[in-house]
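Q: Supplied in structure tokens, the structure appears directly below.
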Amino acid sequence: MELYTFLRHMADSWFLLAMFLFFLGAIAFLWRPGARKAHEDAATVIFRHEDSPAASASHAQHRHPVPEARS
């Protein structure tokens, strides 16, 4: 059996099955119990400090200022 024919057979059967099982595993991982909190947190991360900047971020900027660029 030629190498091309062997690889073509593997891609048509076993790798297709492996990719399908990986897809089902990814779906099962996303819908697992207890994942709701992580997904809600990821969905709302851009709205956390909508009204004012985070206290730790503004505090860190004042403690460690960025040095001026030299020309």
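The values are calculated or read from the model by the stated rules, or taken from the named source; none is laboratory data. Here the structure is a predicted model, which is why all the values come from computation and not from measurement. FYI the Cβ positions are ideal-geometry reconstructions off the backbone, even for glycines, and counts take in every protein chain you see. Protein only, heavy atoms only, side chains kept; ligands, DNA and RNA dropped before computing areas. Shrake-Rupley method; radii C 1.70, N 1.55, O 1.52, S 1.80 Å.
Q: Can you find a residue in the stretch 13-31 that is open to solvent by less than 100 Å² (accessible area, probe 1.4 Å), among the hydrophobic types (A, V, I, L, M, F, W, C) and outside any helix (DSSP H, G or I)?
A: no
Q: Here is a follow-up. List pairs: first in the stretch 7-19 and free of Cβ contacts under 8 Å to residues at least 60 places away in the same chain, second open to solvent by 80 Å² or more (accessible area, probe 1.4 Å), Cβ under 9 Å, 6+ apart or cross-chain?
A: Close Cβ pairs satisfying both conditions: HIS9/MET1.
Q: Quick one: TYR4 ticks every box in (1) of a type outside the set (S, T, N, Q); (2) within 24 Å of the chain's Cα centre (by Cα); (3) at pLDDT 90 or above bar one, so which box is it?
A: For TYR4, the exception is condition (2).
Q: For residues that are surrounded by 10 or more Cβ atoms within 10 Å (Cβ to Cβ) and polar (S, T, N, Q), scanning just the stretch 45-65, find the one that is modelled with the lowest pLDDT.
A: So the residue we want is SER58.
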